[in-house]
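Have a look at the structure below before the remarks.
The values are calculated or read from the model by the stated rules, or taken from the named source; none is laboratory data. Only a predicted model underlies this, so the values are computations on that prediction, with no experimental measurement involved. Note that each Cβ is placed from the backbone with ideal geometry, even for glycine, and that neighbours are counted across all protein chains shown. Only protein heavy atoms, including side chains, enter the accessible area calculation; ligands, DNA and RNA are left aside. Shrake-Rupley method; radii C 1.70, N 1.55, O 1.52, S 1.80 Å.
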Amino acid sequence: AKNIHHKKKFEEISKYISDDINYDINNNLSAAIITPDKDIVPGAENLKPAYIIFENYEKILQWNRSLRFALAVCTLKDKFNNVL
C-alpha cells in the first residue's frame, strides 16, 4: 500500500487554507497536503490544485492503490452532503 509522506497535525497544515471558513476539524488529526499533478505525474511541476487529506485517503489506498481513484472518492463524497 502507498503511504502518505510529510504528515503533520491538521493545526500545522490549516494555515495553508485560504478560505475564511471555520472548519470543524480536530486540530490533532494527522493530515498532509497533496498536489495531484506533482504527486501522480512524474516530473510534473504543477502545484495546483492542492488538497488536504486525512487518514481516510490512506484507507482507500489500501483497497485500491490508485492515487487518482482515492482522490476521486474523497472529493466525490463532498458532493453527497445532505443526501438521504
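Inside region 30-55, residues that are open to solvent by 80 Å² or more (accessible area, probe 1.4 Å) and at pLDDT 80 or above make up a count of 1. For beta carbons closer than 9 Å, sequence separation of 6+ or different chains, a first residue in region 64-82 that is modelled with pLDDT under 75 and a second that is among the polar types (S, T, N, Q), the qualifying pairs are Cys74/Asn56; Lys77/Asn56.
Residues that are in a loop (DSSP other than H, G, I, E, B) and hydrophobic (A, V, I, L, M, F, W, C) were ranked within region 4-29; the one that is modelled with the highest pLDDT is Leu29.
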